[in-house]
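A short worksheet on the structure shown next.
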Amino acid sequence: MVQRYRLYGVLGSPYAAKLRALLRYRRLPFDWLPASFDWVPGFDPVRPELARVVPRIIPVLWFPANDSYRVDSTVIAYDLKRLHTERSVMPIDPALAFLSHLLEDMGDEWLLKVAFHYRWSSETDRNFTNRLIMAELLGGGVTQDRIDEAARAFRDRQVSRMPLVGCLPQNAPLIEEVYRRVLDALSALRASSPFLFGSRPALADFGCFGALFTCRNDPTPGELMRQRSPATLDWIYSLDEASGVEG
């Protein structure tokens, strides 16, 4: 019997969405388990098996080979490369591999600011996603009042963290311009190639996917994406479930 990986997270997390898409593409069997750590005061839905995981971030991937729990989506991607050779997301050419990793890092670190800015800078967006995330975490059998309470606490926590993430009024115009440029770049790319480096996805695709998946789901950046770059929507849908892609 093949042992399955266990992926802990919520789809409100760009990194959890990134890793879920990567596991799907690589056809690695896994179970998806909603989980977070300290997002809501007084509510700590930590699964017992994650109690000793440090740092306390999501996603967390359980490796059946040695019964270990690991964090950091980039490190996990390289760990999976060492364990599984088929359907690799690392370009063989060293120069392309470097460029792929560079773009993945940009997606992880800079496009995260884009997603965070749009999600928490306006009342419309912050009061849309906060409830969806809490509803996923709390699951069924929970009153609407409890979901609303948790959503408000989570919203206030995330808004207070905007300076820490680097999302400030002073750089908001730059962040929004970056988003427009990335959408335009992906529109141009899709005219000639399904993915960033050819006909199958590379690590760079998944690194950029997480934040753009988040933007697609939120009201303001999602509407901008639909109006400005339908091709980006196509790319997101293709990459989210790419287990059938050969390339």
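The values are calculated or read from the model by the stated rules, or taken from the named source; none is laboratory data. Quick caveat: nothing in here was measured; it's all calculated off a predicted structure. Because the Cβ atoms are built from the backbone with ideal geometry, glycine has one as well, and the counts that use them run over all protein chains shown. Side chains included, ligands, DNA and RNA excluded: accessible areas come from the protein's heavy atoms. Shrake-Rupley method; radii C 1.70, N 1.55, O 1.52, S 1.80 Å.
By what distance, in whole Å, do the Cα atoms of the stretch 140-247 stretch along each of the three principal axes, largest value first?
In descending order, the Cα extents are 48, 41, 25 Å.
Which of rounded, prolate, oblate describes the stretch 47-134, given a ≥ b ≥ c as roots of the alpha-carbon gyration tensor eigenvalues and a/c under 1.5 marking rounded, otherwise prolate only if a/b is larger than b/c?
Working: a/c = 2.98, a/b = 1.27, b/c = 2.34.
Oblate shape, in that a/c is at least 1.5 and b/c is the bigger or equal ratio.
If you average the alpha carbon positions of the stretch 213-244 and of the stretch 124-148, how far apart do those two centres end up, in angstrom?
The distance from the Cα centre of the stretch 213-244 to that of the stretch 124-148 comes to 23 Å.
What FRET efficiency comes out for the pair LEU11/TRP110, r = Cβ-Cβ distance, R0 = 25 Å, nearest 0.05?
After rounding to 0.05, the efficiency reads 0.75.
Based on C-alpha coordinates, I'd like the Rg and Dmax of the stretch 63-204, in Å.
My reading of the Cα-based Rg and Dmax gives 19.0, 54 Å.
So how much accessible area does LYS113 have, in Å² to the nearest 10, using a 1.4 Å probe?
Looks like 50 Å² after rounding.
Rank these by accessible area, largest first, 1.4 Å probe: GLU176, GLU104.
GLU176, GLU104
If I model a spin label as a point 7 Å beyond the Cα along the Cα-Cβ vector, how far apart are those points for ASP148 and ALA95 in nm?
6.0
Pick the calculated Cα extents along the principal axes in Å for this structure from [x] 51, 48, 28; [y] 54, 44, 34; [z] 94, 68, 35?
Here Cα extents along the principal axes in Å agrees with entry [x].
So for the pair THR85, ASP234, with labels modelled 7 Å out along Cα→Cβ, what separation do we get in nm?
Here the answer is 3.5 nm between the modelled labels.
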